Amino acid sequence: MTATPTSGDAICTGTRAARADHAAALADTQDERVLMTGARLVALIDAGCAK
């Protein structure tokens, strides 16, 4: 049996570089609200993609 990629797999694979770039940009921001909401978003997506 072979595994068929799901749309979730495609999203995770397709956004991997963008998520890493966004996380790096968050490290440079001075806006605390942007930092907190962006970091939370990246963490949630990363957690979902780790399954």
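The values are calculated or read from the model by the stated rules, or taken from the named source; none is laboratory data. All figures in this text were calculated on a predicted structure; none of them were measured in a lab. Neighbour counts run over all protein chains shown; Cβ positions are idealised from the backbone, glycine included. When the accessible area is computed, the model is the full protein with side chains, heavy atoms only, and any ligands, DNA or RNA have been set aside. Shrake-Rupley method; radii C 1.70, N 1.55, O 1.52, S 1.80 Å.
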Can we say Arg16 is among the basic types (Lys, Arg), surrounded by 10 or more Cβ atoms within 10 Å (Cβ to Cβ) and out of contact with any Gly (no Cβ under 9 Å at 6 or more places or on another chain)?
yes
Quick check on region 4-12. Is at least one of its residues at pLDDT 90 or above and in a helix (DSSP H, G or I)?
yes
Residue by residue through region 26-43, note down the ones that are in a helix (DSSP H, G or I), open to solvent by 100 Å² or more (accessible area, probe 1.4 Å) and of a type outside the set (D, E, K, R).
Met36
